[in-house]
1. Determine how many Å³ per residue the convex hull of the Cα atoms of segment 105-255 encloses.
2. Counting only protein heavy atoms and a 1.4 Å probe, tell me what percentage of the chain's accessible area is made up of carbon and sulfur.
3. Choose one answer from V184, V55, V108: the residue with the largest mean-square fluctuation in a GNM of the chain with alpha-carbon springs under 10 Å.
4. Among residues other than P36 whose Cβ falls under 14 Å from its Cβ, what is the net charge (Lys/Arg +1, Asp/Glu -1)?
5. Could you identify which residue out of T233, T89, T54 has the top mean-square fluctuation in a GNM of the chain using Cα springs shorter than 10 Å?
6. Can you give me the angle between helix 3-23 and the longest principal axis of the chain, using Cα atoms only, in degrees from 0 to 90, rounded to the nearest 10?
7. Which length gain, in nm to one decimal place, applies between Y30 and T220 when the Cα-Cα distance is subtracted from 0.36 nm times their residue separation?
8. Counting DSSP beta bridges in the chain, what percent are antiparallel, to the nearest 5?
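The values are calculated or read from the model by the stated rules, or taken from the named source; none is laboratory data. Not measured: the values here are computed from a predicted model. All Cβ positions, glycine included, derive from the backbone under ideal geometry; neighbour counts span all protein chains shown. These accessible areas exclude ligands, DNA and RNA; they are computed on the full protein's heavy atoms, side chains included. Shrake-Rupley method; radii C 1.70, N 1.55, O 1.52, S 1.80 Å.
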Amino acid sequence: MNLLTEYFISDTYFTIIEIMKMFEHMSKRYQIAPMPDQIGSEILAMLSSVSVATVGHLTWSGFLDHRHITPRQSDKRIVGTAITLRLPTPDSTLLHYASGRVRPGDIVVIDRAGDTRLACLGGNVAYALMRAGAAGAIVDGPICDPDEIREHDFPVWSSGVSPITTRRTGPSGSLNLSVNCGGVVVHAGDLIMADESGVICIPRAEAPALAMAAAAKESTSTQRRAAMQAGATLGALSGADELVAQHGVNVGASS
């Protein structure tokens, strides 16, 4: 056996092992829970002009890993109800199924169970979700056809792009059960916000109070910019000047 033959045998062996690992968690049934109640319109209205970074002034929890999940388009901001999918194998049947059941304003959140090789969402899936009225999709895994997705004007956040795609291979995955996306547990019906700064999942029970606080914070930020435009300094407005006056230490210039 020469080296070239050994190489191809070895390469084929490891490809088979990789495929076997991807299928090892396959179940014999699709797990499907009911569609969750949508987040109330008054909460969505309060958050319609609030940035994710503004919420970051109020809490440190719920943010998907911003180093890992990033926007595929610029200047997009979405807020809506989480519809959760777990696709742990190369089978993406449930995503096609869900695309006919999402409602206007829903945000599809997809857990690929650690797979970084296969794209489950491409141009046709994005088009189907857009036609159904979905606000966008968050994918903890790669997507494909980014040009088509931009053409459909469908906002997507993902961990990257891949030309290799999933298939309809057989029963595996869940719809509207809890998932892990970007290191955060997301439940169907939770509130999702996403823009160029990142993505946050807000538990449904916390959404009303956090929405009110975030809207107030956004208003304060707008007022602060107007005050700076009129000549005020940021330090005076934020209280930084006062803190430094209380706790600052003057250090003489070195000779």
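1. On the way: hull volume 35.0 nm³, N = 151.
Per residue, the Cα convex hull of segment 105-255 comes to 232 Å³.
2. Values: 7650 of 13860 Å².
Carbon and sulfur atoms account for 55 percent of the accessible area of the chain.
3. It is V184.
4. Details: positive: R101, R103, R204; negative: D37, D106, D190.
That works out to 0.
5. In this elastic network of the chain, the residue with the biggest mean-square fluctuation among T233, T89, T54 is T233.
6. Here the helix axis deviates by roughly 70 degrees.
7. On the way: separation 190, 0.36 × 190 = 68.40 nm, distance 4.70 nm.
Gain on extension, Y30 to T220, equals 63.7 nm.
8. Working: 17 of 37 bridges.
Expressed as a percentage, antiparallel bridges in the chain total about 45.
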